[in-house]
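The values are calculated or read from the model by the stated rules, or taken from the named source; none is laboratory data. Being a predicted model, the structure only gives us computed values, none of them experimental. With ideal geometry, Cβ positions are generated from the backbone for all residues, glycine too; neighbour counts draw on all protein chains shown.
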Amino acid sequence: MAFRDRLEQRHPRRVQVLPQDETGLLDLDALLGRPAEDTAVYCCGPEPLLAAVEQRCAAWPAGALHVERFAPRTGANDGPQESFEIELAGSGTTLTVPVGRSILDVVEEAGIQVLSSCQEGTCGTCETTVLAGVPDHRDSVLGAEEQAANDTMMICVSRSRSARLVLDL
Ligand code: FES
């Protein structure tokens, strides 16, 4: 809504504003019921809306949906806690990530500067390239197919399914 005027000026026939207090809840079945090949869906808002949009977009092409959360998905970080090793490819240093500590904690403690912000897996700032190993994704940023690719991870919350991860740090 903050950019409504600018958007309506720039794309007068392509912007449709549907405030809930004027038009009621979004008709998601009408808006998203039929997957479109060349359409991206961006959504932020309360969790019930995000969940409903994710459900409607389940049949859409991979990568079409982009969501922004302000709190982690329910249960996102509930998996088991186990210790594992990380290798920092830049220096060849191997570090142990113990139970109860994040990769980000361990890396920062070793003196490596990594940009981070939310530290709960919602903002994407700490996204790190994975060079080897299998991450245990616990973030609320990456989509299912992005997580399945296992080539990047949010090191503030995600852990490892393999005994060792090699990270591009
Ligand atoms: S710091 Fe926000 S996702 Fe890791």
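The set of residues in segment 37-52 that are in a loop (DSSP other than H, G, I, E, B) and either over 27 Å from PRO72 (Cβ atoms) or among the hydroxyl-bearing types (Ser, Thr, Tyr) (or both) comprises GLU37, ASP38, THR39. Restricted to segment 21-36, and to residues there that are loosely packed, with under 10 Cβ neighbours inside 10 Å and outside any loop (DSSP other than H, G, I, E, B), the residue that is nearest to the chain's Cα centre (by Cα) is ALA30.
When segment 69-93 is limited to residues that are among the hydroxyl-bearing types (Ser, Thr, Tyr) and exposed (fewer than 13 other Cβ atoms within 10 Å of the Cβ), the one that is nearest to the chain's Cα centre (by Cα) turns out to be THR74. Looking only at segment 99-122, filter to residues that are surrounded by fewer than 20 Cβ atoms within 10 Å (Cβ to Cβ) and assigned to a helix (DSSP H, G or I); which one of those is farthest from the ligand (Cβ to nearest atom)? Selected residue: GLU109.
Under the condition of being closer than 11 Å to ILE103 by Cβ and touching a helix residue (DSSP H, G or I) at 6+ places or on another chain (Cβ under 6 Å), the residues counted in segment 127-168 number 2.
The single condition among (1) in a helix (DSSP H, G or I); (2) in contact with a Cys (Cβ under 6 Å, 6 or more places away or on another chain); (3) at pLDDT below 95 that VAL67 does not meet is (1).
Of all residues in segment 88-107, those that are farther than 18 Å from ALA132 by Cα have Cβ atoms under 9 Å from Cβ atoms of residues that are of a type in the set (S, T, N, Q) and not in a loop (DSSP other than H, G, I, E, B), 6 or more apart or on another chain, in VAL106/THR96. For segment 140-169, a tally of residues being closer than 22 Å to GLY90 by Cα, in a loop (DSSP other than H, G, I, E, B) and touching a residue at least 40 places away in the same chain (Cβ under 8 Å) returns 8.
A single member of THR125, THR129 is more than 7 Å from the ligand (Cβ to nearest atom) and out of contact with any Pro (no Cβ under 8 Å at 6 or more places or on another chain), and it is THR129. Please enumerate the residues belonging to segment 67-98 that are within 16 Å of the ligand (Cβ to nearest atom) and within 15 Å of ASP139 (Cβ to Cβ). Those that are within 16 Å of the ligand (Cβ to nearest atom) and within 15 Å of ASP139 (Cβ to Cβ): VAL67, GLU68, ARG69, PHE70, ALA71, PRO72, ARG73, ALA76, ASN77.
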